[in-house]
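What follows is a single structure, written as structure tokens, with notes after it.
The values are calculated or read from the model by the stated rules, or taken from the named source; none is laboratory data. These numbers come from a predicted model, not from an experiment. Neighbour counts run over all protein chains shown; Cβ positions are idealised from the backbone, glycine included. Each accessible area value is taken on the protein alone, full model and side chains, heavy atoms only, with ligands, DNA and RNA left out. Shrake-Rupley method; radii C 1.70, N 1.55, O 1.52, S 1.80 Å.
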Amino acid sequence: MRIAALIVAAGRGSRAGGDVPKQYVRIGGATVLQLAIDAFAGHPAVTTVQAVIHADDGALYAASLGRASQKLMEPVFGGASRQASVLAGLEALAATGPDLVLIHDAARPFLAAAMIDRVLAALAQYDGAIPALAVADTLKRAGAGQTIAGTVDRAHLWRAQTPQGFRFARILDAHRAAAVEGVEDFTDDAAIGEWAGFPVVLVEGDAQNVKITTAADVADAQAKSEGDMVMEPRIGTGFDVHRFAEGSAVWLCGVEIPHTHKLEGHSDADVALHALTDALLGTIGDGDIGQHFPPSDPMWKGAASHVFLEDAARRVRERGGRIVNVDVTLLAEAPRIGPHRPAMQARVAQILGIAADRVGVKATTMEELGSIGRREGIVAMASALVLLPFSPPPDHT
Ligand code: MG
């Protein structure tokens with residue numbers, strides 16, 4: 001039994017953001033298209049993998065292929081519509097005469113072998129089989145002005161996915177006939193089977209088999225890929241102290257708080273953001289705030305300290321890291337922190353691009369003990385937890 005996979009990757013879809021068509025966007029280390037190719041090339045029953053690409057994408061395609069497979073044929077160029085592209089792929093495959101074909105949209109990179117198995121199993125009995133999910137949401141039909149015109153019975157409604165499997169000769173004939181008759185508004189291949197009048201059966205789809213369409217889909221897919229990656233937790237700590245000087249407000253966690261004094265420093269002296277910056281730098285072993293922003297450099301005189309924390313967050317993200325949470329404790333007799341805590345939490349969360357409940361802001365007095373107890377300044381202590389892609393330690397043997 002010869003089973004071909006036909007991957008349709010000729011679309012221009014740019015709703016996913018950026019200049020690159022979505023099938024060439026990278027998820028983890030591989031492009032969306034590469035992941036789809038891998039799913040078929042790695043399936044023991046599939047003998048041939050044929051991609052259909054846009055005529056402008058030859059270089060993108062070549063650069064996209066990180067992994068070679070003997071099952072993978074030279075790509076063919078698609079047509080003006082998805083339907084035309086599928087036909088181009090089927091005609092290319094006709095030379096090798098497969099028994100079955102699995103037609104798949106490249107924008108679905110997360111397909112499981114078990115679902116391919118379900119489609120293939122159904123083809124023992126039917127000319128066509130597609131994976132689909134029962135509609136779980138209640139469906140409304142909108143009328144004028146977005147008011148509801150009716151509720152649609154969802155009992156027999158399914159959401160079609162790919163790969164859609166067919167006996168090769170049946171779907172090739174149907175596609176050729178549709179092209180000859182100029183019927184070209186089919187959005188999937190099952191619809192062509194229906195039009196040609198052969199039975200196509202529904203098999204259980206897979207909720208993981210999502211179609212990547214928007215920039216949010218890309219972000220979700222990247223998060224999922226991170227979930228499959230081995231991440232290791234990294235912890236960092238920071239400590240800073242600034243003394244009081246004559247003034248009328250202090251900056252703490254990026255929030256200006258009226259006070260009897262200001263904090264003295266080269267920058268805005270935001271002791272809390274400085275400790276947080278060092279904590280983040282500590283998670284990646286990348287020096288400290290003084291190394292990256294030397295007080296001797298006039299450029300940082302009076303600087304708003306959020307730039308230091310943003311820089312540390314950027315360094316973490318450049319290494320593929322994700323900030324899990326940060327926590328800061330202020331030691332001060334005054335000012336009172338409690339009333340400002342929500343604003344401080346929100347500001348740090350905004351600077352780091354994380355949720356506010358991932359930011360701890362706490363304060364304690366020193367019971368009038370020591371220099372802090374004598375109201376000579378404020379201390380900040382911070383911790384940060386980051387997840388980084390695991391890299392094995394160097395071999396010391
Ligand atoms: Mg400082």
Efficiency of FRET between ARG2 and ALA55 - r from beta-carbon atoms, R0 22 angstrom, step 0.05: 0.20
Segment ALA134-ARG176, length gained on full extension (0.36 nm per residue, minus Cα span): 12.0 nm
Full-stretch length increase - GLU264, LEU202 - with 0.36 nm per residue and alpha-carbon distance subtracted: 15.3 nm
Residue among ALA249, MET299, MET1 farthest towards the positive dipole end of the chain, charges placed on Cβ: MET1
Carbon + sulfur, % of accessible area of the stretch 191-262 - ligands and nucleic acids excluded, 1.4 Å: 54
FRET E, pair MET229, ALA144, Förster distance 51 Å, beta-carbon r, rounded to 0.05: 0.55
Over the chain: helical MRE at 222 nm, DSSP H runs n ≥ 4 each giving -39500 (n - 2.57), nearest 500: -9000 deg cm²/dmol
Loop-located trypsin sites (Lys or Arg not before Pro) in the stretch 98-195, at most 14 other Cβ atoms within 10 Å (DSSP): ARG154
Equivalent ellipsoid semi-axes, the stretch 231-389, via Cα gyration tensor eigenvalues times 5, rooted, Å: 25, 17, 14
The chain, relative contact order in percent, only Cα pairs under 8 angstrom and at least six apart counted: 14
Long-range HN-HN contacts of ILE103 with modeled amide H, under 5 Å: LEU6, GLN164, GLY165, PHE166
Accessible area per residue in Å² at 1.4 Å probe, computed on the chain: 49
Relative contact order of the stretch 3-228, defined on C-alpha pairs under 8 angstrom at six or more residues apart (%): 25
Dipole magnitude of the stretch 231-389, debye to nearest 20 (Cβ charges: Lys/Arg +1, Asp/Glu -1, about Cα centre): 380
Mean Cα-pair separation over length for the stretch 29-86, i.e. relative contact order, pairs under 8 Å, 6 or more apart, %: 39
Gain on full stretching of the segment that runs from THR364 to THR237 - 0.36 nm per residue minus C-alpha separation: 43.9 nm
Kirkwood Rh, Cα atoms: Rg over Rh of the stretch 3-228: 0.97
LEU388-ALA355 FRET efficiency (beta carbon distance; Förster radius 25 Å; 0.05 resolution): 0.80
Volume in Å³ per residue [convex hull over Cα atoms, computed for the chain]: 230
Label point at ALA343 placed 7 Å out along Cα→Cβ; residues across the stretch 246-270 whose backbone nitrogen lies under 15 Å: 248-260
Share of alpha-carbon pairs per 10 Å distance bin for the stretch 171-251, given as whole %: 12, 20, 17, 17, 12, 7, 7, 7, 3
ASP117 paired with ASP185, simple spin-label distance in nm, labels 7 Å along Cα-to-beta-carbon: 4.1
Of the GluC sites (Glu not before Pro) in the stretch 198-275, those whose Cβ has at most 13 other Cβ within 10 Å and which sit in DSSP loop: GLU264
